[in-house]
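Below: the structure, in structure tokens.
The values are calculated or read from the model by the stated rules, or taken from the named source; none is laboratory data. Just so it is clear, the model here is predicted, and its values are computed rather than measured. Reconstructed Cβ throughout: ideal geometry from the backbone, glycine too, with neighbour counts over all protein chains shown.
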Amino acid sequence: MKRGLVVFDHDEVSETEWDGRARRVQAEIRDAGVDLALVYNDVSRGDDIGYLTNLVIYWNEGVLAIPATGDLTLLTKLSMRVFPWMKRNSTLDDIRSGRAIGGLVADYVAGREPGRIGLIDADLWPAAIVDEIALATPGWELVTLGSIVRDHRSIPSSAELALLRDGAAVLRDALTEATVPGLGARERIAALERTARGGGFVDILFRNAEDGDHVTVEAAGEYRHGWLLVGRTFGPEPWLVALVRARDASLEVLRAGASWREVEEAALAALDGIPADAVSGIRWISQADFATGGELLPAPTHGPADGEVAAIVIEVIDPTGVRSVLTDTVLVTGTGVEPLTF
């Protein structure tokens, strides 16, 4: 549940940068021949709207209206009583409330010459909302747009990287607190929540698995509007150190432009001594997809781009189905990687 700290500080991210994010997206929708673009977000997937406005969608849902030129507007079913807080903590001056998203879009375009409405990341929209908008805006053509905002989010700016580094330090402390020997599952979750949220995280998603003394702890955390991913397995098995060897071997090879197959081969070659018949593998997830664990996109066959923040996930599943994992978040450049979470 998103209940952490919301910060709108121009010393962290300048007003010029906030404005530039919106203008870049507007330039792309103009190039696509679109008059109005819409971004749908709910509590489970609010990063695009957060990136453009600093709004955190704590509950309910919202659609961000992005005209080809002009200011952005949030259309939401949230009560108007929260609007003063939302305006103080965002780039928005115009927030509109109503009972249905379709009706809100219809009111927004009323009086305008019908044109083309583009749905950003259209494949991820709820079908019912798409149908609702189509019925409410006769004469307008609905078209699908790609992951325009997500693509910008995938390469953090220098200001965003500074915040990610700050968040990584907090998350390392939280993981240390959560993995003190002798803690039970609830105590681990409490320690992680307490340290991460107390350190400024907006959201923290936690996964804990236990099989006797074999314990796996994984966390995805949102700090400002960037995410960090980390995972560790602890247990008596001596071969678990091979996960570290595999991670380090992969990061020796990984850099922007490197063949992902070479990265895989380096990791798996170092992953020795694991149980016979175990299933092992390595994958990467873009920071832009940490909120959903990369589950909404097909696994990439290429490696991260220059300047992309990514999680490197190394997994081993033994013949009994017990899973071990080592996950860390890194910044990938043309010359190598910068570890963030270790």
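If you go through segment 151-161 one residue at a time, do you hit one that is free of Cβ contacts under 8 Å to residues at least 60 places away in the same chain and either more than 25 Å from V330 (Cβ to Cβ) or in contact with a Pro (Cβ under 8 Å, 6 or more places away or on another chain) (or both)?
The answer is no, given that none of the residues of segment 151-161 is free of Cβ contacts under 8 Å to residues at least 60 places away in the same chain and either more than 25 Å from V330 (Cβ to Cβ) or in contact with a Pro (Cβ under 8 Å, 6 or more places away or on another chain) (or both).
Report, by residue number, each residue of segment 16-53 that is free of Cβ contacts under 8 Å to residues at least 40 places away in the same chain and part of a helix (DSSP H, G or I). Please lay out each step first, then the result.
First pass over segment 16-53, keeping only residues free of Cβ contacts under 8 Å to residues at least 40 places away in the same chain: 16, 20, 23, 27, 30-31, 41-42, 49, 53.
T16, G20, R23, A27, R30, D31, I49, T53 - these are the residues of segment 16-53 that are free of Cβ contacts under 8 Å to residues at least 40 places away in the same chain and part of a helix (DSSP H, G or I).
As an exercise: evaluate V215 against (1) in a helix (DSSP H, G or I); (2) of a type in the set (A, V, I, L, M); (3) under 16 Å from V322 (Cβ atoms); (4) free of Cβ contacts under 8 Å to residues at least 40 places away in the same chain and give the number of the one condition it does not meet.
Against the list (1) in a helix (DSSP H, G or I); (2) of a type in the set (A, V, I, L, M); (3) under 16 Å from V322 (Cβ atoms); (4) free of Cβ contacts under 8 Å to residues at least 40 places away in the same chain, V215 comes up short only on (1).
Give the residue, chosen from L78, L161, L64, that is modelled with pLDDT under 95, among the hydrophobic types (A, V, I, L, M, F, W, C) and surrounded by 13 or more Cβ atoms within 10 Å (Cβ to Cβ).
Numbers: L161 fails: modelled with pLDDT under 95; L64 fails: modelled with pLDDT under 95.
Checking each option against the conditions leaves just L78.
Restrict the check to segment 7-26 and report whether at least one residue is surrounded by 14 or more Cβ atoms within 10 Å (Cβ to Cβ), modelled with pLDDT of 95 or more, more than 23 Å from A159 (Cα to Cα) and assigned by TED's automatic domain parsing to the domain that holds A106.
no
What is the one condition in (1) at positive phi; (2) over 22 Å from the mean Cα position of the chain (by Cα) that N60 does not satisfy?
All conditions pass for N60, except number (2).
Which members of segment 324-341 meet the condition of being of a type outside the set (S, T, Y), in contact (Cβ under 8 Å) with a residue 24 or more places away in the chain and surrounded by fewer than 16 Cβ atoms within 10 Å (Cβ to Cβ)? Explain how you work it out, then say what you get.
Within segment 324-341, the subset of a type outside the set (S, T, Y) is 325-326, 328, 330-332, 334, 336-340.
Right, trim to in contact (Cβ under 8 Å) with a residue 24 or more places away in the chain and you get 325-326, 328, 330-332, 334, 336-337, 339-340.
Of everything in segment 324-341, those that are of a type outside the set (S, T, Y), in contact (Cβ under 8 Å) with a residue 24 or more places away in the chain and surrounded by fewer than 16 Cβ atoms within 10 Å (Cβ to Cβ) turn out to be G334, G336, P339.
Can V109 be described as at pLDDT 95 or above and within 29 Å of G226 (Cα to Cα)?
On the way: at pLDDT 95 or above: yes; within 29 Å of G226 (Cα to Cα): no.
No.
Determine whether G257 is within 30 Å of E17 (Cβ to Cβ) and without any contact (Cβ under 8 Å) to a residue 24 or more places away in the chain. Step through it out loud before you land on a result.
Details: within 30 Å of E17 (Cβ to Cβ): yes; without any contact (Cβ under 8 Å) to a residue 24 or more places away in the chain: no.
So G257 does not fit the description; no.
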